[in-house]
Amino acid sequence: MQHTDDATLNYYREHAREVFERYEAVEQSSIAAHFLSSLQPNSRVIDVGAGSGRDLRKLMELGFDAYGAEPADELRQLAIDKHPQLKDRLFAGSLPGGLTTYRKYDAVVCSAVLMHIPPNQLFDAILALRDALNEQGRLLISIPATRPDIDENHRDHNGRLFSPVTPDQLKLLCKRLAFECIAEHINDDALGRSETTWHTLLFVRQ
């Protein structure tokens with residue numbers, strides 16, 4: 001299965017419990033604040049890169065028919081063990097080549113994922129997200145606007161990849177794949193890191 005980045009995926013697998021507990025300690029992510037205003041009521045949604053399942057559970061609480069894809073087996077299993085309601089809604093899946101789904105969705109949520117995609121795979125990753133959507137489906141994406149702890153190889157001290165994707169680059173790429181950007185927001189970091197902010201962009205598949 002083709003996936004995000006070996007070093008990044010290994011980090012999330014080896015530190016699954018630490019990552020899970022860190023995510024679970026935050027009541028609501030930055031992107032979750034935009035769910036109701038961005039997504040059609042009661043629509044079928046997939047959260048790609050679902051992590052601890054926090055955003056997936058929020059989508060379910062808000063009445064969406066929500067599912068999640070997460071490439072790190074250890075993190076996904078922790079989420080299901082802790083929250084049994086996710087058992088039939090959280091499955092293995094990764095970008096760009098491992099997001100195999102036999103159903104179409106009205107919306108895709110992709111939070112804090114695309115920066116882990118190598119630049120030469122970003123087009124294929126967006127294409128995979130588009131292929132999961134119905135026509136006029138919505139794509140809600142968050143990417144870091146600022147991240148000061150990245151080295152010259154675009155990795156943090158844990159070895160995770162943080163490709164420098166700007167909102168303008170993302171909008172141009174999505175436009176090539178027949179997406180129209182209809183909203184954009186800047187949010188503070190949900191984990192409380194004052195030096196980190198996020199861009200959240202909403203696209204519609206044409």
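The values are calculated or read from the model by the stated rules, or taken from the named source; none is laboratory data. Bear in mind the structure is a predicted one, so any value in this text is a computation, not a measurement. Ideal geometry is used to build each Cβ from the backbone, glycine not excepted, and the neighbour counts take in all protein chains shown. Areas reflect the complete protein model, heavy atoms only, side chains present, ligands, DNA and RNA absent. Shrake-Rupley method; radii C 1.70, N 1.55, O 1.52, S 1.80 Å.
Points worth noting:
- Residue in the range 34-44 that is aliphatic (A, V, I, L, M), in contact with a Ser or Thr (Cβ under 8 Å, 6 or more places away or on another chain) and under 22 Å from residue 130 (Cβ atoms) present: no
- The combined condition, being crowded, with 24+ Cβ neighbours inside 10 Å and assigned to a loop (DSSP other than H, G, I, E, B), is not fulfilled by residue 63.
- Residue 77 meets all of the listed conditions (1) within 30 Å of residue 156 (Cβ to Cβ); (2) surrounded by fewer than 23 Cβ atoms within 10 Å (Cβ to Cβ); (3) at pLDDT below 95; (4) not acidic (Asp, Glu) but one, namely (3).
- Exclusive hit being over 24 Å from residue 161 (Cβ atoms), touching a residue at least 24 places away in the same chain (Cβ under 8 Å) and either open to solvent by less than 60 Å² (accessible area, probe 1.4 Å) or in a loop (DSSP other than H, G, I, E, B) (or both), set 28, 85: 28
- Filtering 140, 129 for residues that are assigned to a helix (DSSP H, G or I) and either open to solvent by less than 50 Å² (accessible area, probe 1.4 Å) or modelled with pLDDT under 95 (or both) leaves a single hit, 129.
- Flag if residue 107 is in contact (Cβ under 8 Å) with a residue 12 or more places away in the chain, part of a helix (DSSP H, G or I) and either open to solvent by less than 40 Å² (accessible area, probe 1.4 Å) or charged (D, E, K, R) (or both): no
- Residue satisfying all of: in the range 1-58; out of contact with any helix residue (DSSP H, G or I) (no Cβ under 7 Å at 6 or more places or on another chain) and among the hydroxyl-bearing types (Ser, Thr, Tyr); farthest from residue 200 (Cα to Cα) among these: 11
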